[in-house]
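**Q** One structure, as structure tokens, below. Some questions next.
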Amino acid sequence: AVEQGVRVISLSLGGPGPCNGTDALSELCDAAIEAGAVICVAAGNDGPGAYTVGSPGCARRVITIGASNNHDRIASFSSRGPTLDERIKPDVVLPGVDIVAARAQNTSMGTVVDDWYTSASGTSMATPHAAGVCALLLQADPTLSNDQIKARLMETAVNLGENAQA
């Protein structure tokens, strides 16, 4: 993706936590950011306990996304930090409960709504929201770096009054 000039990458994958960002996948993500990409990563669905964010959500420079519910609370399943080296993760939470999204033909992930849509919950449903916001920020100012976008997301997020660390 980086070699093809992709600016925003949305990743909904990973392993169980905890981790410290030194594993191969986390380091690959940080290298892609160094090359100019903005990367949003799903925190995982192993919450609500502490130290449940896995790789690559524990990478140092990625924007790690947790899930919130319809009551503006952190979703019970959303993985939480800190990382093994005590960094706060996730960086922000976005809606991730009962999200209706397009589905591939002849699949049944989540709760099938109709021939074209499904409803599902998870940090993988929240992460595309963040990637879209990142794309809009880059559209407005193509010179923004991953770190600048991450800072803007975190600085403008509504404080839900919850501890990101379980």
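Coordinate-derived values only; no laboratory data. Small disclaimer: the values here were computed from a predicted structure and weren't measured. Backbone-built Cβ (ideal geometry, glycine too); neighbour counts: all protein chains shown.
**Q** Among the helices of the chain (complete DSSP H runs), which have Cα atoms covering no less than 18 Å along the helix axis and a Kyte-Doolittle mean of at least -0.5?
**A** Helices meeting the criterion: 123-140.
**Q** Which whole-Hz couplings ³J(HN,Hα) result when phi for each residue of segment 35-46 is put into the Karplus expression 6.51 cos²θ - 1.76 cosθ + 1.60, θ = phi - 60°, listed in order with x for Gly and Pro?
**A** 3J(HN,Hα) across segment 35-46, in whole Hz: 7, x, 7, 10, 10, 9, 10, 5, 5, x, 10, 10.
**Q** How large is the Rg to Rh ratio of segment 48-110 when both quantities use alpha carbon positions and Rh follows Kirkwood?
**A** Ratio of gyration radius to Kirkwood radius: 1.06.
**Q** Starting with the highest mean, order 122-135, 10-23 by the number of other Cβ atoms within 10 Å, averaged over the residues of each peptide.
**A** 122-135, 10-23
**Q** Continuing with this model, one more query. With bins 10 Å wide starting at 0, give me the P(r) of segment 1-90 over every alpha carbon pair, in whole percents.
**A** Going from the shortest bin to the longest, the percentages are 21, 49, 25, 6, 0.
**Q** Could you give each residue of segment 100-106 its phi-based ³J(HN,Hα) in whole Hz, using Karplus coefficients 6.51, -1.76, 1.60 with θ = phi - 60°, and x for Gly or Pro?
**A** 8, 9, 4, 10, 6, 4, 6
**Q** Mean residue ellipticity at 222 nm from the helices of the chain, using -39,500 (n - 2.57) per DSSP H segment of n ≥ 4 over the full residue count, to the nearest 500 deg cm²/dmol?
**A** So the helix-based figure for the chain works out to -7500 deg cm²/dmol.
**Q** Please give the peptides 38-45, 114-121 ranked by average Cβ packing (other Cβ atoms within 10 Å per residue), highest first, as a rough proxy for protection.
**A** 38-45, 114-121
**Q** In addition: In the chain, which longest range has no GluC sites (Glu not before Pro) that are both DSSP loop (not H, G, I, E or B) and surrounded by at most 15 other Cβ atoms within 10 Å?
**A** The reported range is 4-85.
**Q** Sticking with this one: How many angstrom separate the Cα center of segment 77-140 from the Cα center of segment 1-57?
**A** 14 Å
**Q** Grab the other residues whose beta carbon is less than 13 angstrom from that of T52, score K and R as +1, D and E as -1, and report the net.
**A** Charge balance in the 13 Å sphere: +1.
**Q** At 0.890 mPa s and 25 °C, plugging the Kirkwood radius over alpha-carbon pairs of the chain into Stokes-Einstein gives what diffusion coefficient in µm²/s?
**A** It comes out at roughly 155 µm²/s.
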